[in-house]
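First up is the structure itself, then whatever we jot down about it.
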Amino acid sequence: MRPATSPSDPAACCQTASDTALTLRASRGESMAIEAIMRRYNRLLFRSARGVVADDAEAQDVVQETYLRAFSTLASFRGNCALGTWLARIAINVALDAQRKRQRCVPIDHSQDFGNEPALEHMMAFNAPANAAPEAQVERGQMRAVLQRAIDSLPPMYRSVFILRAVQEMSVDETAACLQVSAEVVKTRYLRSRSMLRDALGAQIEAHAHEVYAFAGARCDAVVAHVLAQLQHQGRIRPGSPG
């Protein structure tokens, strides 16, 4: 068996590494692994936070705090669920904590659900017509803005499910794991959220849903820089660790 060759580009190696490998390296304080995890999951955590809070800047603060908590307790991650799920749970709890500190009531438990919702998700299909012409760039931007405002108007217990299911495109089981509720609760809330949005926005809702709450560019870079600086200050990154 030939010995493995050393990668010529450590950053590129981190980008393709498994979550397990990155977690092990991040727990040793390797800044490249920490950065790779953040860039891999920034969008998921931002969207998870926005399901609870209704402000982009506050959601960004939640993402930063989530990483600081996660990287300081990485040894507690046992791999019983996906790394993204574990991080999303932390983000949701951080967002709820932030809301409680501001004395904002954010009910997300199933006791607040409406009692007479249909049980089958396919009963409210939102498929756009197959022969619909592609939207012009400006029209797509306008639709994203309208859709995001409509989603923001949903109560958090429904907004969180809709964002994870329609925006992040998670499965029912993945969404249930992140929110720590049952699959049936997820299905009911998803149906309810779609019902709330359908009359105003019609069939275009889910055709454009995956494009909203983007988290890239300057915001992504700002979170990475802030968390790395804090971890460096806390001594959680090894001296001389590549970064």
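In the stretch 38-96, the qualifying residues are those that are farther than 19 Å from Glu174 by Cα and in contact with a Cys (Cβ under 9 Å, 6 or more places away or on another chain), and the one that is least open to solvent (accessible area, probe 1.4 Å) is Met38.
Evaluating Ala218 against the criteria (1) part of a loop (DSSP other than H, G, I, E, B); (2) modelled with pLDDT of 80 or more leaves one unmet condition, (1).
Residue pairs whose Cβ atoms lie under 9 Å apart, separated by 6 or more positions or on different chains, with the first residue in the stretch 31-57 and part of a helix (DSSP H, G or I) and the second crowded, with 23+ Cβ neighbours inside 10 Å and among the basic types (Lys, Arg), are Arg50/Arg159; Asp56/Arg50. For the stretch 221-240, the set of residues classified as at pLDDT 90 or above and either of a type in the set (S, T, N, Q) or out of contact with any Gly (no Cβ under 9 Å at 6 or more places or on another chain) (or both) consists of Asp221, Ala222, Val223, Val224, Ala225, His226, Val227, Ala229, Gln230, Gln232, His233, Gln234, listed by residue number.
The values are calculated or read from the model by the stated rules, or taken from the named source; none is laboratory data. The model shown is predicted, which means the values in this text are computed figures rather than measured ones. Cβ coordinates were reconstructed from backbone atoms using ideal geometry, including for glycine residues, and neighbour counts include every protein chain displayed. Just the protein is used for accessible areas: all its heavy atoms, side chains included, with ligands, DNA and RNA removed. Shrake-Rupley method; radii C 1.70, N 1.55, O 1.52, S 1.80 Å.
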